Amino acid sequence: MISAMSDVSGAGTHSDDATLTVDELSARVGMTVRTLRFYAGRGLIPPPIRRGRVGYYGPEHIARLDLVRELQAHGFTLQAIEGYLDRIPVDATPQDIALHRTLLTPWMRDLPETLDRTALVRRTGRELSDDDIEMLVALGVVEPTPDEDVFQVATAHLSLGVELLDLDLPVEAVQDAGRIFTEHGRALAEELTEVFRTKVWPHYRDSGGPPEHIQHLVERFKPVTIQGLVLAYERAVGETQRDTIRRTQNKPR
């Protein structure tokens, strides 16, 4: 869905909006002047508006720097950030750029939390064997790190993972199910992204609505999409069960 924003265009920053000196911009965004000049040299922000010998910065510069910081928080390298910003039109408005940040909001309720094994045991409220850890990894709730007995944990789903431990499922079955979810989940994400890029986003962009309305659309699009996926899956399971029963009944005895 992020790629949908590369179609955004706007009026850009008007020179009357550029009122901050580089020192004032530094204080506003919490970056050093040296960093700002480095980013400007790499083309991450446009040149300042010159009035005489003084350069001034405005909302577009702030919006782009906020986006740079958001991308850094998501683990993007400087080279990747440059490539990402290259796809944003130079005349994009600050509101357009802010929408990029909205699209970067994680879909998971909570970002993964780093826990060592002792903290993980304390969080689950039970002892965890090596087999239990293997099952949590297969479920996608826990992810190993290069440090032994340190894990990235999807804490929002940890209680569900612990409940599944008590079902005594074969770990191979869980791993196979995980591969299925990953494969089809990626395909769904790519197809839904294309629908959003070609059908949803152009409609709201061309409607002339305020940026806040479009941001609300993006934020609401996520849970609605997830709920639609759950509903479709429930229906598909029901249909599969009915088909299985019909095939069983039609088998010759």
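Of the helices (runs of 4 or more DSSP H) entirely within region 140-253, those holding at least 2 residues that are surrounded by 10 or more Cβ atoms within 10 Å (Cβ to Cβ), at pLDDT below 85 and outside the structural domain of residue 95 (by TED's automatic domain parsing) occupy 171-195, 201-206, 211-250. Within region 44-63, residues that are under 16 Å from residue 32 (Cβ atoms) have Cβ atoms under 6 Å from residues that are in a strand (DSSP E or B) and of a type in the set (A, V, I, L, M, F, W, C) in these pairs: 57/20, counting only partners at least 6 apart in sequence or on another chain. Does residue 84 fit the bill of being touching a Pro at 6+ places or on another chain (Cβ under 9 Å) and of a type in the set (Ser, Thr, Tyr)? Considered against the rule, which asks whether it is touching a Pro at 6+ places or on another chain (Cβ under 9 Å) and of a type in the set (Ser, Thr, Tyr), residue 84 comes out as no.
Which members of region 18-48 meet the condition of being over 12 Å from residue 66 (Cα atoms) and assigned to a loop (DSSP other than H, G, I, E, B)? Scanning region 18-48 gives 18, 19, 21, 32, 42, 43, 46, 47, 48. When residues in region 32-45 are screened for being surrounded by fewer than 17 Cβ atoms within 10 Å (Cβ to Cβ) and not β-branched (Val, Ile, Thr), 6 of them pass. Being at pLDDT 85 or above, within 16 Å of the chain's Cα centre (by Cα) and crowded, with 16+ Cβ neighbours inside 10 Å is a condition met by at least one residue of region 84-106. For region 119-150, give me each residue that is without any contact (Cβ under 8 Å) to a residue 12 or more places away in the chain and among the polar types (S, T, N, Q). Of everything in region 119-150, just one residue is without any contact (Cβ under 8 Å) to a residue 12 or more places away in the chain and among the polar types (S, T, N, Q), namely 129.
Has region 2-12 got at least one residue that is of a type in the set (Ser, Thr, Tyr) and at pLDDT 80 or above? Among the residues of region 2-12, not one is of a type in the set (Ser, Thr, Tyr) and at pLDDT 80 or above, which makes the answer no.
The values are calculated or read from the model by the stated rules, or taken from the named source; none is laboratory data. Quick caveat: nothing in here was measured; it's all calculated off a predicted structure. Quick reminder, even Gly has a Cβ in these numbers, built from the backbone with ideal geometry, and neighbours come from all protein chains shown.
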